[in-house]
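Working notes for the structure below.
The values are calculated or read from the model by the stated rules, or taken from the named source; none is laboratory data. This structure is a prediction, so every number in the text was calculated from the model and none was measured. Please note: Cβ atoms are built from the backbone with ideal geometry, for glycine as well, and neighbour counts cover all protein chains shown.
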């Protein structure tokens, strides 16, 4: 493994990305010092709110999700996810740097909660300031593509992928007590066999004022892409009913949640 990059490596971090300033680079160095990641290798993806950078973690790879300082349009689009969430209580929307750090911490917490519930999502390793370190999903140094890039016809076994998405959707709601809030083929990676749900910053806790609105939308997007397995409103009502269950939670050999001895699609 090569030496860690430091803030003195100014020429290097300009090569990595000219959007990464000294403040962000110091956060990456802190994660290195804590042993969360090792050498930083370079960018492998970019979205509206973050840059994805590949790094080493022992003998494997990890990714760093570097959140950009948030523009006003991003803040406005996130009002619904912020208002009503106790993690944002007292947060000044005008303090953009604090907002992006809080959003990063929120995504880490949501990921940790979902992963502990058995949702197929990247394992979070740590965070600092506006940088989140998590499991890399891909082959070699190549990230797994988004489901929307693969398309339904590009899946080896669409029924299997749909089943795994539904298992994760239900575990998110019933076991983790979360609603993803932005679930779509854009936020699901496909590793050649299984789907991985990503981008958990928008997820809200059960009890959020827009919990059911976001859950219904997540269900509608899944059904729209796969064309089934049931009408979205019916599937939504089943999830809500199962979410109200207060008895013991069991799982069958295929990983389906059993409530009253029944699967979601029984």
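Overview of values
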quantity	calculated
Residue list for the stretch 185-198, filter: crowded, with 17+ Cβ neighbours inside 10 Å and free of Cβ contacts under 8 Å to residues at least 60 places away in the same chain	185, 187, 188, 189, 190
Selected residue [assigned to a loop (DSSP other than H, G, I, E, B), surrounded by fewer than 19 Cβ atoms within 10 Å (Cβ to Cβ) and in the same structural domain as residue 155 (by TED's automatic domain parsing)] from 228, 201	228
Unique residue being modelled with pLDDT of 95 or more, within 25 Å of residue 122 (Cβ to Cβ) and over 15 Å from the mean Cα position of the chain (by Cα) when the list is 263, 193	193
Any hit, the stretch 146-155, residues being farther than 19 Å from residue 117 by Cα, at pLDDT 95 or above and part of a strand (DSSP E or B)	yes
Qualifying positions in the stretch 204-215 - crowded, with 18+ Cβ neighbours inside 10 Å and not in a strand (DSSP E or B)	208, 211, 214, 215
Meets criteria (free of Cβ contacts under 8 Å to residues at least 24 places away in the same chain and out of contact with any helix residue (DSSP H, G or I) (no Cβ under 6 Å at 6 or more places or on another chain)) for residue 260	yes
Lone qualifier among 170, 164, 254 - being in a loop (DSSP other than H, G, I, E, B) and under 19 Å from residue 118 (Cα atoms)	254
Conditions (1) over 22 Å from residue 260 (Cβ atoms); (2) buried (at least 19 other Cβ atoms within 10 Å of the Cβ): number failed by residue 171	(1)
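For every residue, the table says whether it meets (1) modelled with pLDDT of 85 or more; (2) touching a strand residue (DSSP E or B) at 6+ places or on another chain (Cβ under 9 Å); (3) surrounded by fewer than 18 Cβ atoms within 10 Å (Cβ to Cβ).
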| site | (1), (2), (3) |
| --- | --- |
| 7 | no, no, yes |
| 18 | no, no, yes |
| 30 | yes, yes, yes |
| 39 | yes, yes, yes |
| 71 | no, no, yes |
| 85 | no, yes, no |
